[in-house]
Amino acid sequence: MTGNYRCVRDETVQPIQQAVHSDLEESLPVYEWVVNLCHLLGASLDNIVPIDKYASAAMGLLKPSSAARALAAGAEQVERIDLLIKLVAAQKGIQSDSVDATVARVDAWLARNREAADTQG
């Protein structure tokens, strides 16, 4: 969530490295929020990659995620882990404005891509 779906911006996509590192003040709370959700679902904190290792690995991810690249290429459907996270969190009674904004951006890309496909077809 912190990298893969935050690659999706309003009008463009960005590499995972940028999604994670361009605004660490936003990335870290998203990461921690998802860790908290995983813990609520029963994950052991010992099994979760620490944020410093995640952020370090993201430094080498110089392309957008596959979902972001697919959206930029006009895909009308992509895997929606972002939406799954949001819906599962809602079942647990938690919410994140940042996650909601990411889901809304992906929704907007899909709507634009579907509209473009409809006008071409």
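Descriptive notes on the structure:
- Scanning the stretch 81-101 turns up no residue that is in contact (Cβ under 8 Å) with a residue 24 or more places away in the chain, surrounded by 11 or more Cβ atoms within 10 Å (Cβ to Cβ), of a type in the set (S, T, N, Q) and over 21 Å from LEU40 (Cα atoms).
- For the stretch 8-23, the set of residues classified as β-branched (Val, Ile, Thr) and either closer than 14 Å to ILE51 by Cα or in a helix (DSSP H, G or I) (or both) consists of ILE16, VAL20, listed by residue number.
- The single condition among (1) in contact (Cβ under 8 Å) with a residue 24 or more places away in the chain; (2) of a type in the set (A, V, I, L, M, F, W, C); (3) touching a helix residue (DSSP H, G or I) at 6+ places or on another chain (Cβ under 8 Å) that ALA68 does not meet is (3).
- Just one of (1) crowded, with 16+ Cβ neighbours inside 10 Å; (2) more than 17 Å from ALA104 (Cα to Cα); (3) polar (S, T, N, Q) fails for THR2. It is (2).
- Each residue in the stretch 45-65 was checked for being exposed (fewer than 11 other Cβ atoms within 10 Å of the Cβ) and either in contact (Cβ under 8 Å) with a residue 40 or more places away in the chain or of a type in the set (A, V, I, L, M, F, W, C) (or both), and 3 of them qualify.
- When the residues of the stretch 44-85 are filtered to those that are within 15 Å of the chain's Cα centre (by Cα) and of a type in the set (Val, Ile, Thr), the one that is farthest from ASP107 (Cα to Cα) is ILE85.
- Test: VAL30 is crowded, with 17+ Cβ neighbours inside 10 Å and of a type outside the set (Ser, Thr, Tyr): yes
- Checking each residue in the stretch 92-107 for being among the small types (Gly, Ala, Ser) and under 14 Å from the mean Cα position of the chain (by Cα) picks out SER96, SER98, ALA101, ALA104.
- Among residues that are modelled with pLDDT under 95 and of a type outside the set (Val, Ile, Thr), ASP97 is not included.
- The stretch 22-36 residues that are in contact (Cβ under 8 Å) with a residue 40 or more places away in the chain, paired with ones that are assigned to a loop (DSSP other than H, G, I, E, B) and of a type in the set (Gly, Ala, Ser) (beta carbon under 7 Å, 6 or more apart): VAL30/SER96; TRP33/SER96
The values are calculated or read from the model by the stated rules, or taken from the named source; none is laboratory data. Here the structure is a predicted model, which is why all the values come from computation and not from measurement. Cβ atoms come from the backbone with ideal geometry, glycine included; neighbour counts cover every protein chain shown.
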